Every structure is written in structure tokens, then in C-alpha cells.
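The values are calculated or read from the model by the stated rules, or taken from the named source; none is laboratory data. These numbers come from a predicted model, not from an experiment. Counting neighbours? That spans all protein chains shown, and the Cβs are built from the backbone with ideal geometry, glycine included. Note: areas computed on protein heavy atoms with side chains; ligands, DNA, RNA excluded. Shrake-Rupley method; radii C 1.70, N 1.55, O 1.52, S 1.80 Å.
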Amino acid sequence: MYFIAYKNILRRKSRTILAALGVTMGIMLVIVMVSFSQSSDAMMDDFKKTMSGSIEITQKSNGGGGGFDRSASVLDKSVIDKAERVNGVKSVASRIYIFVKVEDVEIIPAGMEAMPADFQEMMSGVYLIGVDPKMEKEIKDYMSSIVSGTMIRKGTHGVCVIGAGLEEKSEKGIGDRIVVTYDKDQDGTIESAEKYDFDIIGIYDSDSTMTNNNIIISLDEARAINGMTSSQISMVALDIVPEKEDDAIRKLRVLLPDADVGINKQMMKTIDDFSDKMGLMFLMMMVFSAAIGFIGIINTMIMSVVERTKEIGVLMATGWQKIDVIKLIMIESVVISILGTAGGIGLGVLGLSGMSALFPGTAIVLNAQLFISASFFGIVVGVGGGIYPAWRAASMNPLEAFREG
Amino acid sequence: MTNEMIKVDNLTKIYNMGDTEVIGAKDINLQVKKGEFMSIMGPSGSGKSTVLHLLGGLDRPTSGKIYIDDVDISELSYSGLCNVRRDKIGFVFQSFNLIPTLNVIENVFVPLAPKGISDEKREYAKELIDLVGLGGRIHHTPNKLSGGEQQRVAIARAFINNPDIILADEPTGNLDTKNGKEVMQLMRDMNIEEGVTLVIVTHDQNVGNETDRTIHLRDGEILKDIINKNSSNQSRSPEPPVTLGDDTSDESAVTY
């Protein structure tokens with residue numbers, strides 16, 4: 001039976017190629033979508049890991065609620081006392097955030113890999129975070145997760161702890177010196193930029209690409225760099241008893257009307273919702289992509305069945321059962337789909353590699369799940385696209401087929 | 001077990017064309033013996049093809065019975081009819097109906113394709129192709145063959161499953177006289193060599209004369225059932241069901 005199917009596929013080569021191309025386009029989009037979906041999921045997971053730490057208090061309307069630009073936030077130190085008194089708050093930690101560039105190392109923030117180069121250049125940098133080591137130890141945030149070396153001590157100058165991500169990118173370790181540039185005016189001019197260097201005494205690992213590139217220094221040294229007064233800080237991190245989190249946050253909001261209190265639960269929910277929506281959108285796009293191939297196949301196979309009406313009548317006259325006719329049409333449909341799927345996988349991988357080359361650092365996923373998804377869609381397209389034409393062919397009455405053919 | 005390959009009892013086929021009923025076959029009774037070479041003749045619309053299609057299980061009767069090798073095919077399921085067509089019957093059509101994308105041997109393989117093609121059948125297909133005189137053109141596609149050659153391929157295809165019966169609908173209708181004669185001779189040869197029962201529909205009297213027996217139809221009814229004494233295979237001509245008529249005639253006829 002295969003020889004009949006094979007010869008028929010080659011009967012109208014251009015039509016077969018067009019149908020296979022339809023599948024190729026669909027599968028290529030499936031590959032790209034699955035890859036994007038996976039990298040987006042990975043990014044979201046990463047982000048969630050980052051957010052799953054302490055609850056933060058920042059200056060209102062300044063990236064609060066766990067916002068990104070903590071370096072622009074200024075809070076009065078009195079916030080700490082107020083926060084500590086709220087029922088459910090176990091511990092607090094005050095921090096100062098300063099956005100700096102690391103000399104000879106380009107750190108592209110997570111999620112900005114596909115942005116234009118000049119934008120990446122502008123956004124390239126890390127946070128220099130001034131902390132109180134005692135407070136950090138109590139709050140058990142990632143900054144206290146030292147994997148090698150030691151944590152900085154209170155009031156020390158010229159020493160730092162860096163994230164494992166920065167350690168890898170800068171190829172600097174304990175005992176090395178790291179140099180950063182701080183553009184106080186944030187205007188990008190060299191005139192206002194000042195260089196600071198620190199000896200690395202420890203490495204922390206937050207297990208998140210978003211927070212693993214920072215540099216931890218003492219609160220006093222950070223204050224000396226960005227010029228904050230002794231009563232100023234950038235933000236406060238809180239450790240709250242989980243059962244009392246909602247109540248505590250409500251009270252904090254009343255107590256601190258000029259501050260934003262990040263609600264991580266809400267943030268997590270927002271991330272999950274967004275992630276779900278993204279997933280649904282990717283799925284819809286995959287279904288849409290598969291539909292392109294499906295329509296191509298079904299159209300080709302219907303045309304093929306119609307133009308072979310008489311031949312199908314002959315097959316039936318020579319004793320072919322309905323199921324044999326169905327098998328023949330399905331084989332043809334699936335073979336075209338397999339050809340298209342192979343092309344789609346090839347072009348999809350090529351496209352992803354191309355994107356990876358054009359935008360270095362782009363989070364592109366190439367794994368078995370990608371190929372399994374593409375193959376699954378290919379089979380669905382081939383089988384689904386063949387069912388109706390096959391049924392139509394098998395439903396023919398051989399005599400009517402002779403008359404119509 | 002009887003000597004009859006085909007037996008038809010009170011066969012009637014009525015087509016409903018809107019409000020009108022068209023009689024394709026009316027109360028036909030017929031027996032065809034094993035190895036008999038019979039032709040069905042009649043004017044257009046007389047029901048020749050209808051009877052042939054009913055005999056081949058391509059259509060179902062409105063009433064009456066059709067027995068193929070003692071099996072009542074009028075009662076069979078669709079699948080059962082497919083099996084009868086595959087195992088018992090070979091069809092030859094006026095317009096050859098070869099599959100244009102397949103070469104000679106592949107076209108001959110078509111009836112075998114669903115069940116797979118054994119080495120034995122491959123050899124047999126080659127023998128058949130040799131027998132129909134196309135041994136040197138085994139890999140040619142139909143568009144590279146003449147009409148006569150295409151019909152030979154169709155005949156080889158009809159024989160591939162070793163059927164008991166070959167049903168041919170105007171097998172020489174699209175051929176010139178020379179090719180028509182050759183095809184008839186080939187069918188006669190295969191009738192003798194394979195012992196197969198042959199029923200052909202034709203409107204050509206010369207073709208009809210080449211067969212052992214001719215039934216004439218008009219308006220779906222058998223008008224005459226004639227034994228052709230000058231057919232090219234007198235030795236295999238079966239005894240006529242009833243022999244009537246002029247002794248000096250070269251035909252023995254039953255007139256209904």
C-alpha cells in the first residue's frame with residue numbers, strides 16, 4: 001500500500017510541497033513558541049525565587065512593592081522602628097541600594113537579553129547593596145547565604161561579598177579586587193562618575209539570576225558613596241510570620257502612608273496569573289500555528305481524493321475494504337505532515353539559533369520537550385488533516401465513483 | 001457442489017430517479033457454468049452494465065438472489081462483498097482504469113496491496129505480465145502504453161488474485177479493431193489456460209460472436225440466450241440450457 005501512497009504524494013509535487021510547507025510554517029512557529037514559553041517560564045520562576053524572599057518597604061511611587069529601581073528610593077530610618085512594632089513582624093533589615101557598573105564586565109539584567117544593544121548598555125549594571133550584617137542574618141535573606149568566604153562585618157570599608165553570578169561573569173573570586181563606577185547624576189557622563197574598588201571576601205548564592213550579580217558592602221560605606229544621611233536608607237526588608245502577613249501589611253500601610261509595602265503573595269499571584277496568561281497565549285498561538293498546517297493538509301488531501309474519485313472506485317472494485325482506503329489516505333497525509341514537521345523543526349532550530357546569534361544571551365531553550373511538542377503537533381496535523389478526506393474517500397460507492405470520476 | 005459458477009434467481013434492480021422508477025434489470029434468471037465465456041449484449045439502456053455490476057457485487061439488487069460459487073452475495077455485508085470482489089472476481093473496464101502514477105507491475109499489484117505482496121505473487125505478476133505480452137515494459141507507466149497495452153495490464157490485474165470469474169465491461173470499447181481482437185484472443189487464451197469464467201458486456205456483435213454464449217437484453221429483461229457455435233473455443237462451450245431454433249443456423253437460441 002505504501003508504494004501507492006508514495007507515488008501519489010509525488011503525483012503533484014508542487015501541491016505536496018506547498019502542503020508540507022504549510023506544516024513546516026506551523027511547526028516552526030510551534031518550535032519558537034515552545035522555546036519562548038519555556039524560557040518565559042524559567043524567567044518567571046527565577047523572578048518568583050527573587051520575590052519569595054522578604055517583604056519590602058520602599059518609598060511610595062518609587063518602584064515600591066518589590067519594584068525594580070530600589071536605588072531611587074529614600075526612606076527615613078524611623079520606618080524601621082515603626083515596622084518592628086507591628087504584630088507579626090519577626091525581624092527587619094535596612095538596606096541602601098546603589099546602581100553601579102562593574103568595570104570590564106557587562107551585566108545584562110535578566111529579561112533584557114533581546115533589547116537593543118544601546119538600551120542593554122544603559123541598563124547594564126548591578127546593585128551595590130549596603131547592609132547591616134546582623135540584621136541580614138536574622139532576616140535569613142539570600143544575602144546571608146554565603147557559599148564561600150565570609151560575610152562583611154558592620155562598618156567595614158573596602159571589602160565586599162559578591163553574588164555567584166557576578167563571580168562567574170567577572171572571573172573574580174575571593175582575594176580579588178572588583179572595581180565599580182557610580183554615576184551619581186545618572187546622566188551617563190564620565191565627569192560625574194566615580195570609581196570605587198573593593199576586595200572580595202565572600203560569595204553568596206541566591207539561586208536566582210536576577211539577584212545573583214549584586215555586590216554587598218557595609219551600610220556605612222554605601223551611605224558614604226551615595227551621600228545618604230545617617231537617618232536615610234533605601235528600603236527595609238521584613239520577615240513576617242506567614243499567618244500574620246496580611247494583617248501586618250494592612251497595619252504597616254496605615255502606619256506608613258508615605259511608603260509602599262510589597263505584598264509578595266499578591267506579587268506571586270500576579271506573576272502566576274501573568275505566567276498562566278502567557279502560557280495560554282503561547283498555547284493559542286501553537287494551536288493557530290498547527291491550524292495553518294492542518295488547513296494545508298486537509299485542503300491538499302481533499303483535492304487529492306476528489307481528483308482520484310475513479311481510482312478509488314477501482315480500488316474498491318478490486319476488493320479494497322473501506323479501512324484500506326482510509327489507511328491509504330492517512331498514510332499520505334501523515335507522510336506529508338512528517339516531511340513538513342521535519343522541515344519545521346529544522347527551520348525552527350535554525351531560527352532560534354539565528355536569534356541567539358543576533359541577540360547574545362537570549363534565553364533560548366532547545367530541549368527534548370521542544371522536539372516532542374513539535375512532533376506531537378505534526379502527528380496531530382497529519383492525522384487530523386487526513387481524517388475527513390479519508391472518511392470521504394471510504395464513503396464512496398464504487399459505482400458512483402466510476403460515474404463521477 | 002454444482003457446476004454453476006454464477007446463478008441468478010429473479011433478479012430485479014429498480015433505480016429511483018426522483019419520482020420516476022427506472023428498471024435496470026427485471027426478473028432475470030441465469031446460470032453461468034464454470035469456465036464458460038459469456039457475453040451480454042443489448043442496446044444502450046438495456047441493463048447490460050447493471051447486470052454486470054450486480055454480478056460483481058458493486059451494486060445490490062432490489063429483489064432476487066445472486067449466487068457466486070453457491071454463496072448468496074445479495075445477503076452479504078459491505079465487507080463480505082469486498083472479500084468476494086477480492087477473492088472471486090476480477091474486473092476489466094472499458095477505460096482500463098489503471099492508476100497513472102503506477103507502472104505496469106505496480107498496477108497489477110493493486111488488488112494485493114492491502115494484504116501485502118508475497119514473493120510468490122510477485123513472480124505470478126511477472127508471469128501474468130509476460131502472458132499478456134508486456135514482459136519488456138514492466139516498469140512503464142500507463143501514459144507510455146497504447147490503449148491495447150493498457151487493457152492487457154488491466155487484464156493481468158484482474159487475474160492477479162486467481163479469481164473464479166472475470167467481469168469485463170466493454171473491454172474492447174476503447175480499442176481499434178486490431179487491438180480489440182488481440183484483447184479478445186488474450187481473454188479467450190486466459191479463459192482456456194486459467195479455466196476462469198468470463199462474462200463480458202459488449203455492443204459489438206463480432207465480439208459477442210467470439211464468446212461461447214450471448215444473452216441479449218432489452219429493457220432489463222433477457223430477450224435471447226444464444227449458444228455461439230462459431231466461437232473460437234467450441235471445445236469448452238457448455239451445453240446450452242435449452243437449445244431451440246433452426247438446425248441450419250450457426251446459433252442455438254432460447255428466446256424469451
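Worth pointing out:
- Here, chain B yields an orientationally averaged convex hull projection of 14.5 nm² when only Cα atoms define the hull.
- Computed over the protein assembly as shown, the ratio Rg/Rh where both radii use C-alpha atoms and Rh is Kirkwood: 1.35
- Of A:219, A:75, A:358, the residue with the greatest mean-square motion in the GNM of chain A, using alpha carbon springs below 10 Å, is A:358.
- The accessible area of residue B:218, taken with all protein chains in place and a 1.4 Å probe, comes to roughly 130 Å².
- Interface residues in segment A:383-405 - accessible area drops by 30 Å² or more relative to the isolated chain, probe 1.4 Å: A:398, A:399, A:402
- Given chain A, longest segment not containing exposed loop GluC sites (Glu not before Pro) (DSSP; at most 15 other Cβ within 10 Å): A:192-405
- Residue A:353/residue B:118 FRET efficiency (R0 41 Å; Cβ-Cβ; nearest 0.05): 0.25
- GNM result for chain A, Cα springs below 10 Å: residue of A:352, A:328, A:238 fluctuating most strongly: A:328
- Using heavy atoms of the protein chains and a probe of 1.4 Å, the accessible area assigned to residue A:294 is about 80 Å².
- Given their separation in residues at 0.36 nm each and the Cα-Cα distance between them, residue B:178 and residue B:77 gain 32.2 nm when the chain is fully extended.
- Among the listed pairs A:77/A:251; A:101/A:134; A:169/A:277; B:34/B:65; A:13/B:144, those with a Cα-Cα distance over 24 Å are A:101/A:134; A:169/A:277.
- Once the Cα gyration tensor of segment A:260-405 is diagonalised, semi-axes √(5λ) in Å: 45, 18, 11
- Accessible surface, chain A, averaged per residue in Å² (probe 1.4 Å): 47 Å²
- For chain B, built as a Gaussian network whose Cα springs stay under 10 Å, the top-fluctuating residue of B:110, B:132, B:153: B:110
- Within the full protein context, the accessible area of residue A:15 is estimated at about 40 Å² for a probe radius of 1.4 Å.
- Take the Kirkwood radius over Cα pairs of segment B:2-52, plug it into Stokes-Einstein at 20 °C and 1.002 mPa s, and you get 174 µm²/s for translational diffusion.
- A crude spin-label estimate for the pair residue B:23 and residue A:41, with each label 7 Å from Cα along the Cβ direction, gives 7.3 nm.
- Ordered by solvent-accessible area of protein heavy atoms (1.4 Å probe), largest first, the residues A:209, B:202 come out as A:209, B:202.
- Rolling a 1.4 Å probe over the heavy atoms of the protein chains gives chain B an accessible area of 43 Å² per residue.
- Coarse-grained scattering of segment B:89-222 at q = 0.17, 0.19 Å⁻¹, given as base-10 log I(q)/I(0) from a Debye sum over alpha-carbon atoms: -0.86, -1.06
- For residue B:166, residues with placed amide H under 5 Å, excluding near neighbours: B:90, B:197, B:198, B:199
- Förster radius 41 Å - calculated FRET efficiency between residue B:44 and residue A:14 (Cβ-Cβ, nearest 0.05): 0.50
- Straightening the chain between residue A:388 and residue A:254 buys 41.7 nm, computed as 0.36 nm per residue apart minus the Cα-Cα spacing.
- Sites residue A:244 and residue A:140 - FRET efficiency at Förster radius 22 Å, r taken between beta-carbons, to 0.05: 0.80
- In sequence order, segment B:105-115 has phi-based couplings of 5, 5, 5, 5, 6, 3, x, 8, 3, x, 9 Hz under the Karplus curve 6.51 cos²θ - 1.76 cosθ + 1.60, θ = phi - 60°, and Gly or Pro positions carry x.
- Chains B and A, summed buried accessible surface - 1.4 Å probe, Å², nearest 100: 2200 Å²
- Principal axes of segment B:118-170: Cα extent on each, largest first, Å: 29, 28, 15
- For segment B:39-50, 3J(HN,Hα) computed residue by residue from phi via the Karplus equation (6.51, -1.76, 1.60; θ = phi - 60°) reads 10, 10, 10, x, x, 4, x, 7, x, 4, 5, 4 Hz, glycine and proline entered as x.
- Members of segment A:1-25 that become less accessible by 50 Å² or more once partner protein chains are added (1.4 angstrom probe, chain alone as reference): A:3, A:7
- Sulfur and carbon atoms: percent of accessible area, the protein assembly as shown [1.4 Å]: 55 percent
- Residues along segment B:95-112 losing 20 Å² or more of accessible surface when the other protein chains are present rather than the chain by itself (probe 1.4 Å): B:97, B:99, B:100, B:101, B:102, B:106, B:110, B:111
- Kyte-Doolittle at least 0.5, axis length at least 27 Å by Cα - qualifying DSSP helices, chain A: A:13-51, A:264-307, A:322-358, A:368-394
- D (Stokes-Einstein, µm²/s), Kirkwood Cα radius, segment B:57-147, 0.890 mPa s at 25 °C: 161 µm²/s
- Here the Karplus relation 6.51 cos²θ - 1.76 cosθ + 1.60, evaluated at θ = phi - 60°, turns the backbone of segment A:128-138 into coupling constants of 8, 10, x, 10, 9, x, 5, 4, 4, 5, 6 Hz, with x for every Gly and Pro.
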